[in-house]
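Derivation of every value follows stated rules applied to the coordinates shown; laboratory data play no part. As the structure is a computational prediction, the values presented were derived from the model and not from experiment. Cβ: placed from backbone, ideal geometry, glycine included. Neighbour counts: every protein chain shown.
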Amino acid sequence: MVAFPLVDLVKETGLSPTAAKNQLLRLGNWVVKITRKHQFYLIVSPEHQTMGAPPANWWLNDYFKWLGHPYYLALQSAAEAYGSEPQALQVTQVMTDASRREIIVGRLCIRFFLKNTIQQTPTQQMANAYAPLLVSTPEATAVDLVRYASRIGGIERAAETIVPLVPLMKAPELKQALDAENEPALGQRLGYILESAGHAKLARIVEDWLPAHPLWTPLVPAQVDRETTPTVPRWHLIKNAKLLI
C-alpha cells in the first residue's frame, strides 16, 4: 500500500481525525498529503524520498476510486506508457470528468483534463503495471491527442506522438475510438496525420468512417479564409498549419 485516505486510518486505528492527523505530522516526509482539501495521503518510501512522492501511476487508481470519479492515463502520458512518447514528460496527464487543479507533490505534477464523455472512451488496464491503472487504448489516445492538441504543444506535437503509436493501432479499435467521440473534425485531422505519415490503411479506415461530405475544417481550430489558405480535398481540411512528419 502506498496511499490511503484519512478516513481509513481513523477506522483502522480508532483514533479521532485530529489525533490521526497529528500522528501523520510526526512522520514528517515519510507521509505526504496530496492536496489541502482532500485528506488523502501517500507513503514515501526511502527510494522515493528524493522525488518526494511515489510514482503517480502507483496510486492514481486508488485516488480516483476514493474520489468516486472516472479517470484514465491520457494523452502524452498514455503514449509514454505504450513506449511511444518522443520527448520525456515533466507532468502526468490524466483525463477525468470534472475540472481539477493540478496536483504538485514533491517533484511530481499531475495535470487533469476535462472530458464530459469520458465513460465512452475505450480504456484498458495497463499491462505489467505496479498497481491497477486505466489507460486509454492506443487508438483512443491518438484521437485524444488530436482533440487536445492545443493544450499539449500544438498539432505538430500531437502528430509526432501519434506516429509511434501506429504499430499498436488496429482497425476495429480505431473505429470504436472514433465512434466514441463522434466528431468528424477529429477524424479529418487524424486521417490527414495518418496519411501524411504514410499509413494508408489506417487512413482509409478513418476516411470510410467519415460522413460522405464533411464540413470544411481547419487543421488547427481557428478562423481561416478557405479562399486564400491551402486545402486538402480528401479530408476537407483547410491547411492552416504544417506537419513535419
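When the Cα centres of the stretch 201-232 and the stretch 33-71 are compared, how far apart do they sit, in Å? Taking the Cα centre of each part, the stretch 201-232 and the stretch 33-71 sit 41 Å apart. With only the Cα atoms considered, the stretch 109-153 has a convex hull volume of 106 Å³ per residue. Considering every alpha-carbon pair of the stretch 40-130, the percent of pairs per 5 Å bin, from zero through the bin containing the longest distance, is 3, 12, 23, 26, 22, 11, 3, 1. Qualifying trypsin sites (Lys or Arg not before Pro) in the stretch 1-83, where qualification requires a DSSP coil assignment and no more than 10 other C-beta atoms within 10 Å, comprise R36, K37. Taking 17 Å as the cut-off, the amide N atoms of the stretch 146-183 that come nearer than this to a point 7 Å along the Cα-to-beta-carbon line of R234 belong to 163.
Once you wrap a convex hull around the alpha carbon atoms of the stretch 61-180, what is its projected area averaged over all directions, in nm²? Intermediate values should be presented prior to the final figure.
Numbers: hull surface 29.4 nm².
That works out to 7.4 nm².
Here R100, R111 are placed in order of increasing Cβ neighbour count within 10 Å, fewest first, which gives R100, R111.
Largest GNM mean-square fluctuation among D62, D225, D144, using the chain with Cα springs under 10 Å: D225. Which whole DSSP H helices in the chain pass both tests: a Cα extent of 15 Å or more along the axis and a mean Kyte-Doolittle value no lower than -1.0? Correct list, ordered by number: 56-67, 171-181, 184-196. Annotation: the antiparallel percentage among DSSP beta bridges lying fully within the stretch 32-142 is about 65.
Neighbours of K33, meaning other residues whose beta-carbon lies under 15 angstrom from its beta-carbon, give a summed charge of +3 when Lys and Arg score +1 and Asp and Glu score -1. Could you give the alpha-carbon Rg of the chain over 2.2 N^0.38 Å, rounded to two decimals? Compactness ratio reported: 1.18.
Above 14 angstrom, tally the Cα pairs of the stretch 159-245 and express them as a % of all pairs, no decimals. Walk me through the numbers before you get to the answer.
Working: 2315 of 3741 pairs.
For the stretch 159-245, the share of Cα pairs beyond 14 Å comes to 62 percent.
How much of the DSSP bridge set in the chain is antiparallel, in percent, rounded to the nearest 5? Antiparallel: roughly 70 percent of the beta bridges in the chain. Residue exposure proxy: W30, W66, ordered by other Cβ atoms within 10 angstrom of their Cβ from fewest to most, comes out as W30, W66. Here I43, I193, I205 are placed in order of increasing Cβ neighbour count within 10 Å, fewest first, which gives I43, I205, I193.
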